[in-house]
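Taking it in order: structure first as structure tokens, then the write-up.
The values are calculated or read from the model by the stated rules, or taken from the named source; none is laboratory data. All of these numbers come straight from a predicted model, not from anything done at the bench. Here Cβ is always computed from backbone atoms with ideal geometry, including for glycine, and neighbour counts include all displayed protein chains. Quick note on the areas: whole protein, heavy atoms, side chains included, nothing else; ligands and nucleic acids left out. Shrake-Rupley method; radii C 1.70, N 1.55, O 1.52, S 1.80 Å.
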Amino acid sequence: MPKGELRTINGPILAVRAHESGFFVTELVKVGPKALLGEVVTLRTHRVIIQLFEDPSGLTPGMEVIGTGEPLSVCIKPGIVSNIFDGIQRPLRVNKETPRHVLTYQLPRPKESLSEIVFPSRAAMDDEPRFAVKILVSPGRHLNPGDVFAEVEETAVITFRAMVPKDISGEVETCLPNGTYTADTELISIGGKGLTLTQHWPIRAPRPIADRLAPSRPLVTGQRIIDCLFPVAKGGTAAIPGGFGTGKTMTQHQIAKWADADIIVYIGCGERGNEMTEVLEDFGKLIDPRTNKPLLARTILIANTSDMPVAAREASIFTGMTIAEAYRDMGYHVALMADSTSRWAEALREISGRLEEMPAEEGYPAYLASRLGSFYERAGYIKTQGGREGSITIVGAVSPQGADFSEPVTQNTKRFVRTFWALDKQLAYARHFPAIDWMNSYTGYKSDLEPWFMENVGPDFPKLRERLLSILQNESNLLEIAKLIGADVLPDQERLTLAIARVIRLGFAQQNAYHPSDVYTPLAKQQTMMEIILYLHDTCQKLLDAGLGMDTLQKEGIFERVIAVKYKEANSEDEMRLGYFGEIDGFYQKIMQNN
């Protein structure tokens, strides 16, 4: 193993004089007597630059630095799901003695003997737990990379699948019977190589796949403005930009709670610790409607809060992504929440500044776009080497200062995502949540997902969605005029557009996360709600064509009753549709009889 001597300390950036060659970029190193973890970022003649993943307090020049010969990697083994880790996959302990659970940065220190720990995660699971393992193969069976040879029930809803590594294939020579084993027990052997439940994978290297498939199925979230107006595909990418207080984190929480993903990987990157505490508390209490088990049973939390080392923050989203890829390869559909990529970019900027690199726009490094691309491009709906299908959907929050969407992180993010949920501070201040601005948001998956919606929800679903968006677009144009002359003096046709747009905004786009009937809306009910709103529009249009005015229509209170449809429950969508259609027809008959 290469060795060096610590020369200068500049926060998390260390300069080391190499005694011998052998260090390589991205190599994991141990620094000082406490074996603090770092990563090689720059190599020069007899000089190595390292970013440290831990607090440099106590380091002094002259201390020994030892390379491990391995890149920074994550450990894939049973026990990851339902747990919380830091940015380089070490466990975060939870202090339950306080009235409110508080995350504390009390990490197990690396052991004195450097040979006992190469990957940081090996210190994370030092209790040697034992797992009930089901062996799926027998001697003589030929296995290829990606084939599953053993299974472990990791949680009540997730089965861990041990796969053959990418560089191993051949016939099974020996295998153990079903039983209880540790994660490092050799379960089978192929070509003289023993395979265990444990694998390691470098965080900056994408895992191999057999094929990348076209996105054709939506990630159903139960949030109407997302599913109907701006859907994201499974295996797709989405960004949630917004200023302070606009609801980025809460929108991600709602998606994580209700999305039809098998596994949620939630990365708290540079955010406040109380937000991760809230995730840990809520997900442990909430019951997943798909499984009737706690939501935490399918959730993996990566926390690198704002008070944790900045270099580990830069690594955290790649740590979470590599874990997500491992479960994707097991055949799961994974939704990855990154909150927030702006804080991650700020970590890049701080490290770049300490490295004395030439800054680009607003001080960010010139490679900001390529780093963002290397993250978002790892999303996708794929066919694994073992022939299974899996996906990773990325939802990244962006926190532009002053809600300025022209700043570098937001602009570069738009280059790599196909769905853009722009949050508006005016909507948020008006308590309209999700505060997704329908005028500045967009989705690039509309044509990809239309066949699925038409087959699985209804043939008219895309047309209904387009009509709703058209009304909202017309409202935006009319509001500019209404500000000048007042809405009451507009022609009745324009006043109808404003009235129906209000119904869409309050009765469809706005959603109450604390109301049991409104927190989650199935797709079938979403279509029914669109049909009811547009049926009201068409009925009112008939009344206007018959010579009646908007003042007459608004006296009956039908618009408020349709707004309340989101809170109504019915035995079926057909019953709800017929009930409201009948009420609107009754409204039509009453108006015609009285006038």
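One line per residue, one yes/no per condition, for (1) in contact with a strand residue (DSSP E or B) (Cβ under 7 Å, 6 or more places away or on another chain); (2) touching a residue at least 24 places away in the same chain (Cβ under 8 Å):
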residue	(1), (2)
A369	no, yes
I394	yes, yes
Q411	no, no
F416	yes, yes
>> Within the range 244-334, considering only helices (runs of 4 or more DSSP H) that don't extend past its boundaries, which have at least 2 residues that are farther than 22 Å from P218 by Cβ, open to solvent by less than 10 Å² (accessible area, probe 1.4 Å) and free of Cβ contacts under 8 Å to residues at least 60 places away in the same chain?
In response: 273-285, 310-329
> When the range 220-229 is examined, which residues are found to be in contact with a strand residue (DSSP E or B) (Cβ under 7 Å, 6 or more places away or on another chain) and open to solvent by 10 Å² or more (accessible area, probe 1.4 Å)?
Replying inline: none
>> With the requirement that a residue be assigned to a strand (DSSP E or B) and open to solvent by 10 Å² or more (accessible area, probe 1.4 Å), what does the range 424-442 give you?
In response: Y442
> For the range 480-595, list the helices (runs of 4 or more DSSP H) that sit wholly inside it and hold at least 3 residues that are open to solvent by 30 Å² or more (accessible area, probe 1.4 Å); which are they?
Replying inline: 492-504, 523-545, 550-554, 573-594
> When you scan the range 174-190, how many residues do you find that are touching a Pro at 6+ places or on another chain (Cβ under 8 Å) and either modelled with pLDDT of 95 or more or among the hydroxyl-bearing types (S, T, Y) (or both)?
Replying inline: 2
>> Regarding the range 157-166, can at least one residue be identified that is open to solvent by 20 Å² or more (accessible area, probe 1.4 Å), under 19 Å from E325 (Cβ atoms) and hydroxyl-bearing (S, T, Y)?
In response: yes
> Pick from W452, W421: which is surrounded by 21 or more Cβ atoms within 10 Å (Cβ to Cβ), out of contact with any His (no Cβ under 9 Å at 6 or more places or on another chain) and modelled with pLDDT of 95 or more?
Replying inline: W421
> When the range 352-368 is examined, which residues are found to be part of a helix (DSSP H, G or I) and either open to solvent by less than 10 Å² (accessible area, probe 1.4 Å) or at pLDDT 95 or above (or both)?
Replying inline: S352, L368
> Taking the range 181-192, which residues are free of Cβ contacts under 8 Å to residues at least 60 places away in the same chain and open to solvent by less than 70 Å² (accessible area, probe 1.4 Å)?
Replying inline: Y181, T182, T185, L187, I188, S189, I190, G191, G192
>> For the structure I just gave you, tell me whether P462 is of a type outside the set (D, E, K, R) and open to solvent by 20 Å² or more (accessible area, probe 1.4 Å).
In response: no
> Which residues, counting only those in the range 369-387, are at pLDDT 95 or above and over 21 Å from R204 (Cβ atoms)?
Replying inline: Y381, K383
> Residues of the range 52-70 being open to solvent by 30 Å² or more (accessible area, probe 1.4 Å) and touching a residue at least 40 places away in the same chain (Cβ under 8 Å), which ones?
Replying inline: D55, P56, T60, P61, G62, M63, E64, G69, E70
>> Looking at the structure I just gave you, is S447 among the small types (G, A, S), without any contact (Cβ under 8 Å) to a residue 12 or more places away in the chain, open to solvent by 20 Å² or more (accessible area, probe 1.4 Å) and assigned to a helix (DSSP H, G or I)?
In response: yes
>> Checking the structure you have, find out if any residue of the range 110-125 is in a strand (DSSP E or B), modelled with pLDDT under 95, under 26 Å from the mean Cα position of the chain (by Cα) and polar (S, T, N, Q).
In response: no
> In the range 44-95, which residues are under 35 Å from the mean Cα position of the chain (by Cα) and among the small types (G, A, S)?
Replying inline: S57, G67, G69, S73, G79, S82, G87
> So is G32 loosely packed, with under 15 Cβ neighbours inside 10 Å and in contact (Cβ under 8 Å) with a residue 24 or more places away in the chain or not?
Replying inline: no
> Which of the residues that make up the range 193-206 are open to solvent by 20 Å² or more (accessible area, probe 1.4 Å) and either on the phi > 0 side of the Ramachandran plot or in a strand (DSSP E or B) (or both)?
Replying inline: K193, G194, Q199, H200, W201, P202
